[in-house]
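A short worksheet on the structure shown next.
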Amino acid sequence: MTTDMSCFLQILADEHSYREAANLLDAVKQFMTHFDKYMHISIIKNIDERVQIIRDGLAAHISIIFKQLASVSHCTILAVLT
């Protein structure tokens, strides 16, 4: 079940479905808290690492989008002022 959720999370991230990915990421994080005491088991640890990599990738991509939006907005404001 957790593997399926992490696979679906990766699909949402790849498709840039940020709202759905954020909702699923929150659900996966809450679900994974039940496995905290089992992190020494390789499959649990691998799933946790995979979810972390997906989360980091989403955060990086969203940060890039906001930076691009900020630069476009800044250019637009400068064009209007000049």
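All of the numbers you see were taken from the coordinates with simple rules; none came from a lab. The structure displayed is predicted, hence computed values, not measured ones. Cβ atoms come from the backbone with ideal geometry, glycine included; neighbour counts cover every protein chain shown.
Where does the charge balance sit around I62 when Lys and Arg score +1, Asp and Glu -1, over other residues with C-beta under 13 Å from its C-beta?
Here the charged neighbours net out to +2.
Report the gain in length on full extension from K29 to F66: 0.36 nm times residue separation, minus Cα-Cα distance, nm rounded to one decimal.
10.9 nm
Net charge within 12 Å of E49 by Cβ-Cβ distance, Lys/Arg positive one each and Asp/Glu negative one each, not counting E49 itself?
+1
Residue by residue, what Karplus-based ³J(HN,Hα) values in Hz, rounded to whole numbers, does the range 8-25 have, using 6.51, -1.76 and 1.60 with θ = phi - 60° and x for Gly and Pro?
5, 4, 5, 4, 4, 5, 5, 8, 6, 8, 5, 4, 5, 5, 5, 5, 5, 4
Would you list E20, E15 from fewest to most Cβ contacts within 10 Å?
Numbers: E20 14, E15 10.
By the 10 Å Cβ count, ascending: E15, E20.
Excluding Q30 itself, what net charge comes from residues whose Cβ is under 15 Å from its Cβ, given Lys and Arg +1 and Asp and Glu -1?
Charge balance near Q30 sits at -1.
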